[in-house]
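Single-structure report; data block below.
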Amino acid sequence: MAQVLLDTHILIWWQFDSARLSRAQLQTLLDVEKRGQPRFLSAISLREIANLTATGRLEIPVSPDIWLEEIESDLTVLRLPQGSPPKASGWARVSPKIRRTRSLPPRRDAMA
C-alpha cells in the first residue's frame, strides 16, 4: 500500500488551489483518499502554515485554528522527535515506506 507524505505547499494547494497541482499529483491525492489510505503530514508543516497565516503571506477562507484542527483530524501528523533535529538518514529508519509526491518544477518567480 502506497503512503504519501504531503509537503506544506502541496497540502495548501490541494485544499485551496488545486489548479496549481499537476495532473499526476492531483490523481495521486484523489486515489489515496478514495482508497482510505493514510496520508501523512510533518508537524513542521503545521508550524509553517501557522506562521504563513500569522504574517499574512497565506490567507485561507476559514479560521486558521479551525482549519488546522481539521487537518490534524484528517491526516496522520508525524511529530518531530524531542531534542536535536533529526538527521535525514534517521527518517528512513522511522518510516521507510513514506514517499513524497512527485517533485514540483521551480516556481516561475524563482527562475527570473
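Bear in mind that the values in this text are calculations on the coordinates, not laboratory data. All values reported here derive from a predicted model rather than from experimental measurement. Cβ atoms come from the backbone with ideal geometry, glycine included; neighbour counts cover every protein chain shown.
Numbers at a glance
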| read-out | value |
| --- | --- |
| Filtered residue count, the range 23-60, keeping only those that are buried (at least 16 other Cβ atoms within 10 Å of the Cβ) and aliphatic (A, V, I, L, M) | 8 |
| Any chance L75 is under 18 Å from W13 (Cβ atoms) and of a type outside the set (V, I, T) | yes |
| Total residues in the range 9-48, condition farther than 12 Å from L75 by Cβ and assigned to a helix (DSSP H, G or I) | 20 |
